[in-house]
Amino acid sequence: MTQVIEKERERSVVVGKVGLTTNYAIAHAVKDVDVDVVAAYPITPQTTIIEKLAEYVANGELDAEFIPVESEHSALSAAVGASAAGARVFTATSAQGLELMHEILHIASGLRLPIVMAVPGRALSAPISIHGDYQDLMNVRDTGWVIYIASTAQEAYDTVIEAFRVAEDPRVLLPVIVSYDGFLMSHTTEPVEVYDTKAVREFTPRRHNTRPLLNPERPVTMGALATPDWYYEIKYQAINALRASRGVIDEVDSEFNRRFGRAYGAVEGFMLDDADYILVTYGGAATWNALEAAKEARGRGLRAGVLRIRLFRPFPSNDLVKRLADAKAVAVVDRAIAPGSPVEGPVFKDVYIALREAGVDKPIVSVIHGISQRTMYIRDFYELYYKLRDIASTGNVPRESLYMGLR
Amino acid sequence: MSELKSWTQIPIGGYITEPQNSVKNKTGSWRTQRPVIDQDACTRCRICWLYCPEPAILELNKPYVTKSGRKYNLTFEINYDYCKGCGICANECPVKAIKMVPEVVQQ
Amino acid sequence: MGMASGQIKIGIRTIWDIPKEEYFGPGQLTCAGCGPSLAVRHILKAAGPDVIVVNATGCIEVTSTQYPYTAWGVPYIHVAFENAAAVASGIEAAIKALNRKGIANAKAKVIALAGDGGTYDIGMQALSGMLERGHGVLYVLYDNEAYMNTGIQRSGGTPRFAWTTTSPVGSRIRGKVQSKKDIMSIVIAHHIPYAATASIAYPIDLMNKVRKALDALNEGPAFLHVFAPCPPGWRIDDSKTVEIARLAVETGVFPLFEWDHGKFRLNPPSNMHVDKSKRKPLINYLKPQGRFAHLKEEEIKAMEAEVDGYWDYLTRLLKAFG
Ligand SMILES: Cc1ncc(C[n+]2csc(CCOP(=O)(O)OP(=O)(O)O)c2C)c(N)n1
Ligand code: SF4
Ligand code: SF4
Ligand code: SF4
Ligand SMILES: [Mg+2]
C-alpha cells in the first residue's frame, strides 16, 4: 500500500503539485536527478518525454548532452558508451524502438551499466499499432534489467528517482526500466507532487570510481570476448546481481519514504486482508479498472481484492505468495501475450510458478485484455470476480487463457 | 594458462583491469619458420621493427661492431616469445639481412 | 572555426621520429602477418595513451580481448558489431558533459575502430549519424575487404570479382558481382573537417594522418580509411601483407588522399598517379592474390577500367577542390 508519512519537516521537500502527464513526470524526474547524457529517438507514445528533455536542455534547465541519435539501436549504444564513461544516462523508447534495441539490452546489463530507461508500453507490429499494451516490455523481461511498472504519474516520477539510486548502487550496477501504460498514462494528466531539486540530488548523490573508461592511468578493457571457460561465470554475476538487487530496491524505497513521504513496495495490495477473489495485474489497469471493479463487487458483498505488481524484475515471488495465500481464486490479467505457450499470459506464468513453487495450490486463471488498448471496461473486471467465484465453487479451472474484449 | 576462478573472484562485467596482459600469450609457439637477423649485414634501418605486426622485434641500445669494423649503438633482435614467423620482416628488409629458417622440431 | 585547422603539425618526418611506445600487443591472437593488427599498432603509436578505443565486433576485437587477457594498453570498449560510431558518440558526449559540469577533467580523445563489414555495411547508419551530429570522434575503418572474423564473406568493401565464401567462383557467377562501395565519397558528403585514406605500407603517412585527424576533433569528426591486407582472406603469403598493400597504392587501386577542411589532396606516391603511366600495371597487384586467381583477361580489363574510372573521378575532384 502506498504509505504516506505526514511528518511536517520531511514533507517540506514538496515544492508544488503540478498537472503532468506521466511522460512529463518522467522528464521532470530526469531533470531533477541531473542526468549528464540523454540519447533517444522518437516513437509514440514515448516521444513527449524526449521532446520535453530536449526543451530542458535547450533552455538550460538541464545541463546535459542531448544526443539526437538516428535510431534506437544507436540510442542505447550511445547510452552504453556514455555510461561506461561514467555519465548519468537516460533514454526512453517503446515498442518497435525497444525491439530495435534488443541486442544492446543484454549488453547493457552484461557490462553492468546503470542506465535508466522509460518504457511506456505499446503493442508491436504487425499490424502496426501505436496504442498501448505491454507486449514490448514482456519481450525484454529476460534481458537482465531491473524492471518497474508504475501505475500513476506520481509513482513514475518517484520511481525514476529511485531507479537511479538502485541502478548506481555498487551492490547492483544494473540498468533499470521504468514502464507504464502507453497513452492511458503517458498522455493523460494527473496531479504530481514534485520535489525540491536539491533534495532529489541529495537523494541521488554521484558516486565516484564509476568511470572505468576515463582513466588513462589504469586502462580497462570492457566488452571482452569470453570463451566458454569464462562466459558462464561472468553472466552469472549479473544474474546474481539482479536477484540480489531486491535488498537494495527495498532499502531505497524505505529511504525514499523517509525523505519524500512515499513508498510503494514490490507489490501493492488493495483490499486484500480478507479477499477471497483477487485480480493480479500491473500498470494503470490495477489502480483504475480493477480497483473500481473490486469496490463494486465489494458493494455487492463479494470479497474482492487487487494485487498490483510494481516490481516485475526481480520478480517478487514471496510477496505475491504471502498476499495470495488465503484467496479462494486468482486471475492474472495480462496486457501481453506469449503465443504458443501452455497458457498465454506472460505474467500469469510467473505468478503461477511462484505459487506452485511455494506449495500454494489454488484456482488461478490467465486473462488477456487491453491488447492494443482494447477498452478494458470496469464491467469486464467486475465479471471476472464473479467468474472467480464460480471457478472456486465448481473447481472448473479454465486451462487456457481467457481472451476478454475480443470480438 | 590462467587459473579458472569462480564467479565471486573476478571483476564484474568481464572487465579486464590489467592492460596488455596478453604478453602472457606466448604466440611464438605458433611459428613454423623463424626469422634470423644477420647482425653484420643489418644496417639498423628500423624497417623490420616498423612493419612487424606483433610487435616481436626489439630495438635495443646494445652496441655491436660488425666483422668489417662498423660500429652500431643499436641492435635489432627478434623476440621469439611472440614472433609468429610471418616473414614480413624478411620480405621488407631492404638489404635482405633477415633469413627465414625452418623451426626445428624438438626431439 | 578554422584557426586550429590551419596549423597542423607534421609530427613524424622520418622513421626515427616514430615513438617506441607500444599500446597494442604483443600476444594478440591475430594470424601471422595480419594487416589490421599492424594498422592498430601504428595508429596507437601515433595517437599515444590519452585515447579511448571503441571497437566493433570483428577480427581485431576477438583476437585482442580474449578473456582474461587484453592486448590493449589504452582504455577500450567493445559493444557490438554495428554500433561503434554510436558508442563513441556516447563517450564523447559524456566527456563533454562531465568536463563541463566539473565532474571529470578528461582529456582523452575517442577513436572508433571498425572493419569494412562494421563500416560499409552494418555500421553505415550509426557512422552517418555520428558524422551528421558532428561528434569529435576519429573513426578508423580498417579495411581487409571482407568479413574475416566469420570466415571471409563478401562485404560492401570487397572488390569486384574477388573470391570470398559468399561470392564463390562458380561456373555461372565468378566472384563478387558488385563493385567496392566508395566509402570516402559517402563520408566526405557529410562535410566533416578531415577524412583521409592511408595504408599499412606507408606508416609515416598513416601516423601523420592520425595526428591531423585527432587535431581536427575539436571541430568535428574525422575519418581514416586504412587499407590492411589479410593473408588468409586474400590467399596471399603471410610475408606479403605489406608488399601487397604497397602494390595497391602503386597500381592505383588504393590511392592515398586527404579531404582536409574542404580541400582535396593526393598524397605521395599517389600524387603522381593521375598520370596512368606512373602507375604500376594492375596485374602486379592481382597476380600474387589467390582471391583473384580465377580472373580471365577480360575480367582484368574490366577491373582496370574501374580503377581508371575512379582515377578519372579523383582527377575531377582534384580540379574542383584541389
Ligand atoms: C548483428 C551482428 N550480425 C552478425 C555478426 C557476426 N559477425 C561478427 S564479426 C563479423 C564480420 C566482421 O567483418 P569486418 O567488420 O569486416 O571485420 P573483420 O572481421 O574483417 O576484421 C560478423 C558478420 C555480429 N556479431 N553481429
Ligand atoms: S617474422 Fe613476422 S612476427 Fe616474426 S619478427 Fe618478423 S615480422 Fe615479426
Ligand atoms: S630491416 Fe634489415 S637492415 Fe633494417 S633493421 Fe631490420 S634487419 Fe636491419
Ligand atoms: S583473418 Fe585476416 S584480419 Fe583476421 S586476424 Fe587473420 S590476418 Fe588478421
Ligand atoms: Mg573485414
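The values are calculated or read from the model by the stated rules, or taken from the named source; none is laboratory data. Since this is a predicted model, take the numbers as computed values, not measurements. Note that each Cβ is placed from the backbone with ideal geometry, even for glycine, and that neighbours are counted across all protein chains shown. Quick note on the areas: whole protein, heavy atoms, side chains included, nothing else; ligands and nucleic acids left out. Shrake-Rupley method; radii C 1.70, N 1.55, O 1.52, S 1.80 Å.
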**Prompt:** Out of curiosity, is C:ALA93 under 19 Å from the mean Cα position of the chain (by Cα), open to solvent by less than 10 Å² (accessible area, probe 1.4 Å) and within 12 Å of chain A (Cβ to nearest Cβ)?
**Reply:** no
**Complete:** Within the stretch C:96-127, the residues that are of a type outside the set (Lys, Arg) and at the interface with chain A (Cβ under 7 Å from one of its Cβ atoms) are C:ALA97, C:LEU98, C:ILE103, C:ALA104, C:ALA106, C:ALA108, C:GLN125, C:ALA126
**Item:** Criterion (more than 16 Å from ligand 2 (Cβ to nearest atom), on the phi > 0 side of the Ramachandran plot and surrounded by fewer than 24 Cβ atoms within 10 Å (Cβ to Cβ)) met by exactly one of C:GLY170, C:GLY102
**Value:** C:GLY102
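Residue-wise test of (1) of a type in the set (Phe, Trp, Tyr); (2) farther than 28 Å from C:ILE204 by Cα; (3) away from ligand 3 (no atom under 13 Å from the Cβ).
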site: B:LEU4; (1), (2), (3): no, yes, yes
site: B:ILE12; (1), (2), (3): no, yes, yes
site: B:TYR15; (1), (2), (3): yes, yes, yes
site: B:PRO19; (1), (2), (3): no, no, yes
site: B:THR27; (1), (2), (3): no, no, yes
site: B:LEU50; (1), (2), (3): no, no, no
site: B:THR66; (1), (2), (3): no, yes, no
**Message:** I need the full set of residues from the stretch C:226-236 which are touching a helix residue (DSSP H, G or I) at 6+ places or on another chain (Cβ under 7 Å) and either within 16 Å of ligand 2 (Cβ to nearest atom) or open to solvent by less than 10 Å² (accessible area, probe 1.4 Å) (or both), in order please.
**Reply:** C:VAL226, C:PHE227, C:ALA228, C:PRO229, C:CYS230, C:PRO231, C:TRP234, C:ILE236
**Prompt:** Out of all the residues in the stretch B:7-39, which are within 19 Å of A:GLY223 (Cα to Cα) and assigned to a loop (DSSP other than H, G, I, E, B)?
**Reply:** B:TRP7, B:THR8, B:GLN9, B:ILE10, B:PRO11, B:TYR15, B:THR17, B:GLU18, B:PRO19, B:GLN20
**Complete:** The one condition A:LEU20 fails out of (1) open to solvent by 30 Å² or more (accessible area, probe 1.4 Å); (2) over 18 Å from C:VAL54 (Cα atoms) is (1)
**Message:** Let me spell it out: the conditions are (1) open to solvent by less than 30 Å² (accessible area, probe 1.4 Å); (2) touching a helix residue (DSSP H, G or I) at 6+ places or on another chain (Cβ under 9 Å); (3) within 10 Å of ligand 3 (Cβ to nearest atom), and B:PRO55 meets all of them except one. Which number is the exception?
**Reply:** (3)
**Asked** For the stretch C:55-99, which residues satisfy the criterion of being assigned to a strand (DSSP E or B) and either within 16 Å of ligand 2 (Cβ to nearest atom) or within 22 Å of C:GLU21 (Cβ to Cβ) (or both)?
**Response** C:ASN55, C:TRP72, C:TYR76, C:ILE77
**Fill in**
Output for Cβ contacts, cut-off 6 Å, separation at least six or different chains, first residue on the phi < 0 side of the Ramachandran plot in the stretch A:250-273, second of a type in the set (Lys, Arg) and open to solvent by 10 Å² or more (accessible area, probe 1.4 Å), reads A:VAL252/A:ARG165; A:GLY269/A:ARG323; A:LEU272/A:ARG323
**Request:** Provide a single number: the residues in the stretch C:224-243 that are within 16 Å of ligand 1 (Cβ to nearest atom), within 13 Å of chain B (Cβ to nearest Cβ) and more than 12 Å from the chain's Cα centre (by Cα).
**Result:** 5
**Asked** Across the stretch C:52-61, what is the number of residues that are more than 7 Å from chain A (Cβ to nearest Cβ) and in contact with a Pro (Cβ under 9 Å, 6 or more places away or on another chain)?
**Response** 4
**Number of positions in the stretch B:41-85 that are more than 13 Å from every other protein chain (Cβ to nearest Cβ) and either farther than 30 Å from C:THR241 by Cα or not aromatic (Phe, Trp, Tyr) (or both)** = 14
**Asked** Among the residues of the stretch C:62-90, how many are hydrophobic (A, V, I, L, M, F, W, C) and within 7 Å of chain A (Cβ to nearest Cβ)?
**Response** 9
**Item:** Residues satisfying the stated conditions in the stretch C:12-54, i.e. assigned to a loop (DSSP other than H, G, I, E, B), closer than 16 Å to C:ASN208 by Cα and among the β-branched types (Val, Ile, Thr)
**Value:** C:ILE12, C:THR14, C:ILE18
